[in-house]
Every structure is written in C-alpha cells, then in structure tokens.
Amino acid sequence: MSPDPSHLAPATAALLQCSDAERIAAMREERWITYPRARHALELLNDLLARPRTTRMPGFAIYADSGMGKTMLMERFRRAHPASFDSAERRLVTPVLALQMSSHPTERRFYGQLLTTIGVPFAPRATILDLETQALRNLRRMEVKLLMLDEVHNILAGSAKEQRIMLNLLRYLSNELQISLVCLGVTEARQALGGDVQLARRLDELLLPRWQGYEEFQELVVAIVRNLPLKERSQISARALRQVLQLTDGLTASIFSMFNALALEAVASGAECISDESIAAWQPTSRAAVAFA
Ligand SMILES: Nc1ncnc2c1ncn2[C@@H]1O[C@H](COP(=O)(O)OP(=O)(O)OP(=O)(O)O)[C@@H](O)[C@H]1O
Ligand SMILES: [Mg+2]
C-alpha cells in the first residue's frame, strides 16, 4: 500500500483501511463529488437563497443535456438545506423545496404533487382552487424560499393552453409567496419557459455544456480521481484526457461511469491506479462494465 494517501480526499483515504470488497462496494454506491463547476453553481444557488424577499424574486433556469448532472445538483442543494422543526410553532421550516415536473404537468397534477411532496393529504375530488389554497397556505407556513423544479421541459407535453396555464401558475406562485424558482431541464426547457416572457426574464440562465477543452475538464477529473479509493496515485496525461473526452462525448454521467469502471478494474488487476495505459486499453466491450459501475 502507498504509505501516503495524500492523493485522496480525506473521507476517501479512510476507505484504504477497508477490504477490497468494501472498497468496491463504496465505489458502486452513488455519491456526490464536488467539482469546480458544480461548486460554482451551488454558490450561485446559495446567493439566491440569501436574497431578501421582494415581489419579483429572481431565479435560475439551468439547462443541460441529459446526463450532465442537473438532478444530482438539485438533490445536493436540497440536502444542504434540510427542513428544521420549529417547536414553538410546531411546524417544519423548509427553505428549499424540490420536485420533478410530471410527464404531462397540469395545474391539478402540479398542486397534487406539491402537496404530496410536503406530506399534506388532500381530497381526490378537491377543486383546483382548493388545492391551490392548501398548497399556498402550507408553503407560506413552511417558509419556503426556493422552489426547485426538475424536468421543466415536460411543460411542453401540454397543449399551448396547458403550457400557458402552467407558466402562469409558476409566475403566480413566485409572486404570491415571494419565492425564487430554479427550473432545471434539457435545452428544450428554454422553449418551454420562453412561453412566458415575464417569467423567463426573471430567470438567469445557467448552462452546463458538455465537457470540452482542457483546464475545466482536468479539474473535473482531478476531483473524480481524488474520490476513488485507489492505493496508488493516478497519473493521467493531457493526451489521455482528450481520449476520455472522445470516448464519453463530454457527458458527465459517462465520465463518472468510465472512471468508476477503470477504478474497479484497477482494484481487480492490483494496479491500484488509473493510468494512460488503462485509458488507452479501454475497449468498447469494457463499456458494458460502465453500465454496472
Ligand atoms: N456531482 C456528481 N457526483 C457524482 N456523480 C455525478 C455527479 N454529477 C453527475 N453524476 C453522475 O452522472 C449521472 C447523471 O446525473 P443526473 O441524473 O444528475 O443528470 P441529469 O442532467 O439530471 O440527466 P437527465 O436530464 O437525464 O435527468 C448520475 O447518475 C451520476 O452517476
Ligand atoms: Mg435529471
């Protein structure tokens, strides 16, 4: 074993004390890894959360291809701002509420989903107005400041009229409760939100393009490798990094899976590090391993 685990993040270095089976199990678990681009996005969201309430709350629209890490980012932020119990008033104070737009969102479905997410029972036959009143009352009581909506492109599944109704609803919620909206989706989501100019204007766009170039991508790889519990330090050249970009099409999900699979191989072979050679030897057949990594 390398006497010096300084090539690893502290929590990962601790895993070197575990058996191979335990290290493999740890690698197979989905875990959050912070890389500079994600850190920047989280900082922007933190700034948004700290803004004082106004009648026109700013927000974000986060657009990226499928597999670029939007949902991971949303979950990470939500977990960083958990609900707390206010015992004096016997209520849960929930600064960040996150939900995924259903495949064909309508007012009724949306309010139903909101109420289910916050654990408020509602009558199946309740009118939309009842659901809205109940949702608004509860969100106010919970002091929700930021509402995160994943898969907002699903709005496009509705008719033109349904789309307008959904966008009006979002703008109304934001105005009425003075909350910020953070909408996440694939590029088509821009078209969906563009249907309401007032709403779209309030949302700053944050794009997470596919990885390319060198510096930013290298930072991502450094972050990933620091979190893979391998005993030896991995040395990866710029040329090998370019190969990774080609093999993964610059997609975050594929990059994480590829490194995970390479790390599993490195444990199995005893090499205990990822190298230019192991990247060069990466075969399409090894991609099957990606699916299980
Ligand atoms: N910060 C991260 N740490 C660890 N793994 C990550 C991270 N970001 C992304 N991944 C990996 O990439 C995969 C895809 O991420 P995610 O589901 O967030 O993408 P997405 O942009 O929401 O895609 P879709 O539009 O298809 O929903 C995750 O399952 C995970 O394996
Ligand atoms: Mg997602």
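FYI, it's all coordinate maths here, none of it is from the lab. What you see is a predicted model; the values in this text were computed from it and never measured. All Cβ positions, even for glycine, are placed from backbone atoms using ideal geometry, and neighbour counts span all protein chains on display.
Of the peptides 71-78, 4-11, the order by per-residue mean of other Cβ atoms within 10 Å, starting with the highest, comes out as 71-78, 4-11. A cut-off of 5 Å between modelled amide H atoms, ignoring neighbours fewer than 5 places along the same chain, links residue 148 with 97, 98, 99, 182.
Taking 7 Å steps out from each Cα toward its Cβ at residue 56 and residue 164 produces label points 2.3 nm apart.
Sorting the segments 17-25, 114-122, 176-184 by their mean number of nearby beta carbons within 10 angstrom, highest to lowest, gives 176-184, 114-122, 17-25.
Take the Cβ atoms of residue 49 and residue 22, set R0 to 41 Å, and the FRET efficiency comes out at 0.65. For the chain, adding -39500 (n - 2.57) for each run of n ≥ 4 DSSP H residues and dividing by the number of residues yields -15000 deg cm²/dmol at 222 nm. Between residue 233 and residue 129, the simple spin-label model (points 7 angstrom out along Cα→Cβ) gives 7.0 nm. Remark: spin-label model distance residue 276-residue 71 equals 3.8 nm, labels positioned 7 Å along the Cα→Cβ axis. Rounded to the nearest 20 debye, the dipole size of the chain about its Cα centre is 1040 debye, using +1 on the Cβ of Lys and Arg and -1 on the Cβ of Asp and Glu. Shown in residue order for region 270-276 are the 3J(HN,Hα) couplings computed by the Karplus curve 6.51 cos²θ - 1.76 cosθ + 1.60 at θ = phi - 60°: x, 5, 6, 7, 9, 9, 4 Hz (x for Gly and Pro). The stretch between residue 107 and residue 88, if pulled fully straight at 0.36 nm per residue, gains 3.5 nm over its current Cα-Cα span.
Summarising the amide proton neighbourhood of residue 206: residues at separation of 5 or more, or on other chains, whose placed amide H is nearer than 5 Å comprise 61, 62, 63.
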